[in-house]
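Let me begin by presenting the structure, written as structure tokens, before commenting on it.
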Amino acid sequence: MVFSNLGAVMTKIFSVSRLPLLLLVAAALLSSGCGKKPVAKLMTATAYCGCSTCCSWERGAPRYLHLDFWNRYVSAGAAKGNEYTGLTASGTDPREPQSGLFSVDSLKRPYMIPIRTILFPWFFFPEKGTIAADTRYYPFGTEMFVPGYGWGIVEDRGGAIKGPHRIDLYFDSHSDALKWGRKKVYVEIHMP
């Protein structure tokens, strides 16, 4: 008799307040820590760009006496002589991180908001940059937050990037890459 009343009471409770209960269960699942926790490591972060100095390419092929100056060829390494495409090892175009419209940069320079929204609408959303790392330790798709650079995704591997404590950060210009140079920073790592 008691169990039949208990069943009726439970049915009434769940039918009346189903949405708050579902929200409570969803909050419990999200806060339970089902995903991997981010890791912070001290890493040596160097910078590179797409120029011929950083990426070892040259205009024109020696076999054509460098007369095909509109083509770019790899000038060092195992792929020497092959056409240089500029793509990363994962097949994407490298990019520098963009903070987007709703960012700290918008608070620092609010006069740029109308220019960004009208002239450059593609800067409206934030974009993660390209990071080169040793893919034995950080597979493609690993997200990292580098202080002073921003969020980036491992999409490339470099010839000199060996071990779990080295990364390369992509910059759009050579002067920005030289300005960054080589720094030791604590990097927050989110494995895929």
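This ranking places TYR111, TYR170, TYR84, TYR73 by how few other beta-carbon atoms lie within 10 Å of each, fewest first, which gives TYR111, TYR84, TYR73, TYR170.
Which of rounded, prolate, oblate describes region 106-192, given a ≥ b ≥ c as roots of the alpha-carbon gyration tensor eigenvalues and a/c under 1.5 marking rounded, otherwise prolate only if a/b is larger than b/c?
Cα axes put region 106-192 in the prolate bin.
Extending 7 Å from the Cα toward the beta-carbon at both GLU58 and GLU83 defines two label points whose distance is 2.0 nm.
No lab work stands behind these numbers, since they all come straight from the coordinates. The structure presented is a predicted model; accordingly, all values stated were derived computationally and were not measured. Heads up, the Cβs are rebuilt from the backbone with ideal geometry, glycines too, and the neighbour counts pull from every protein chain shown.
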